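The values are calculated or read from the model by the stated rules, or taken from the named source; none is laboratory data. This is a predicted model, so every value here is computed, not measured. Ideal geometry is used to build each Cβ from the backbone, glycine not excepted, and the neighbour counts take in all protein chains shown. SASA here: full protein model, heavy atoms, side chains in, ligands and nucleic acids out. Shrake-Rupley method; radii C 1.70, N 1.55, O 1.52, S 1.80 Å.
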Amino acid sequence: MACEKAGRNPAEVTILAVSKRHKADRIQSLHQLGHNSFGENYAQEALAKMAQLGGTGIEWHFIGPLQSNKTRDVASHFAWVQSVDRKKILLRLSNQRPAELGDLNVCIQVNIDREPQKSGVMPEQAEELAWLASDLPNIRLRGFMTIPQAGSTGHDPHGSYQQMEGLYRAVLEKGLVLDTLSMGMSADLETAIMCGSTMVRIGTDLFGPRPDDKS
Ligand SMILES: *Cc1c(COP(=O)(O)O)cnc(C)c1O
């Protein structure tokens, strides 16, 4: 419906089910209904659920802040990492990706609203990190991911998403091969889709409120 409004083909926008803080059985239920891509923010929590679920063929996306001491776990258990925001992490993922798993899909996370406490590269640094990613073994650069300033602060994400689309298109024109602009969550997915998102990351609208959600 959001695609129709934005004049977009629904086939151009995929849905990542964000399952952080939800139990493995919730993931299994949605998987059995035919959904295959799930996003997790915490390595330890995710690995525990993967172990519980066994060999389901789920495509796991890591979307949380990534510290150096977790890169090996992430590189060996996930199909995608959407939250790469510095060279050191990128090099470690490239080195630690087990060859038999094939390339690790990577998005560069961009701190589009320049929030001091938020992960992500500053917009003007995104291109350089993207070129580096495109050159590394065991890494397949897919595009950019962003989380705009929270709507609860009264911030309207429309301008942020437009800037992100501009950055994505500019880098495409320079010849980088990208196919993913990961932006939009439950509260603002329509705006993100209007601004060219190719992947929305949906938690609350699929699973309901998160247990123990303090945010
Ligand atoms: C939690 C989270 C989401 C999902 O948020 P909802 O508002 O529950 O849809 C999407 N992206 C990231 C990076 C998240 O951490």
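Taking trypsin sites (Lys or Arg not before Pro) across region 136-196, the ones in a DSSP loop with at most 11 further Cβ atoms lying within 10 angstrom of their Cβ are LYS174.
Looking at region 15-176, the accessible area is 47 square angstrom per residue; that uses a 1.4 Å probe and ignores ligands, DNA and RNA.
In order along region 139-150, phi translates into HN-Hα couplings of 10, 10, 5, 10, x, 10, 10, 9, 10, x, 3, 4 Hz, rounded to whole numbers, per the Karplus curve 6.51 cos²θ - 1.76 cosθ + 1.60 with θ = phi - 60° and x for Gly and Pro.
Roughly how many percent of the accessible protein surface of the chain is carbon and sulfur, given a 1.4 Å probe and a whole-percent answer? If you can, show how the numbers build up before the last one.
Values: 5280 of 10580 Å².
Heavy-atom surface of the chain belonging to carbon and sulfur, 1.4 Å probe: 50 percent.
Applied to region 48-61, the Karplus parametrisation 6.51 cos²θ - 1.76 cosθ + 1.60 on θ = phi - 60° returns per-residue 3J(HN,Hα) values of 4, 5, 4, 5, 5, 7, x, x, 9, x, 5, 8, 9, 10 Hz, with x for Gly and Pro. Post the alpha-carbon centroid distance, region 1-67 to region 144-215, in whole angstrom. So the two Cα centres are separated by 16 Å. To the nearest 10 Å², what's ASP73's accessible area with a 1.4 Å probe? Rounded to the nearest 10, that gives 60 Å². Take every DSSP beta bridge whose two residues both sit in the chain; close to 0 percent of them are antiparallel. For the chain, the mean residue ellipticity at 222 nm estimated from helices alone is -10500 deg cm²/dmol, where every DSSP H run of n ≥ 4 contributes -39500 (n - 2.57) and the total is divided by all residues, rounded to the nearest 500.
For the chain, what does the relative contact order come out to in percent, with C-alpha contacts under 8 Å and a separation of six or more?
21 percent
Are there chymotrypsin sites (Phe, Trp or Tyr not before Pro) in region 128-211 that DSSP marks as loop and that have at most 13 other Cβ atoms within 10 Å, and which are they? Please list the in-between numbers first.
Numbers: sites: TRP131, PHE144, TYR161, TYR168, PHE207; in loops: none.
The qualifying sites: there are none.
If you keep only loop residues by DSSP, which chymotrypsin sites (Phe, Trp or Tyr not before Pro) in region 1-100 have at most 16 other Cβ atoms within 10 Å of their Cβ? Please list the in-between numbers first.
Numbers: sites: PHE38, TYR42, TRP60, PHE62, PHE78, TRP80; in loops: TYR42, PHE78.
Taking region 1-100 and a limit of 16 other Cβ atoms within 10 Å, the loop chymotrypsin sites (Phe, Trp or Tyr not before Pro) found are TYR42.
Per residue and in cubic angstrom, what volume does the convex hull of the Cα atoms of the chain have? Write down the numbers at each step before the final one.
Values: hull volume 27.3 nm³, N = 215.
Per-residue hull volume (Cα only) is 127 Å³.
Can you pull the semi-axes for region 1-116, root of five times each eigenvalue of the Cα gyration tensor, sorted largest first, whole Å?
Numbers: eigenvalues 112, 86, 38 Å².
For region 1-116, the semi-axes come out at 24, 21, 14 Å.
Computed on region 122-183, with alpha-carbon pairs under 8 angstrom and 6+ residues apart, the relative contact order is 42 percent.
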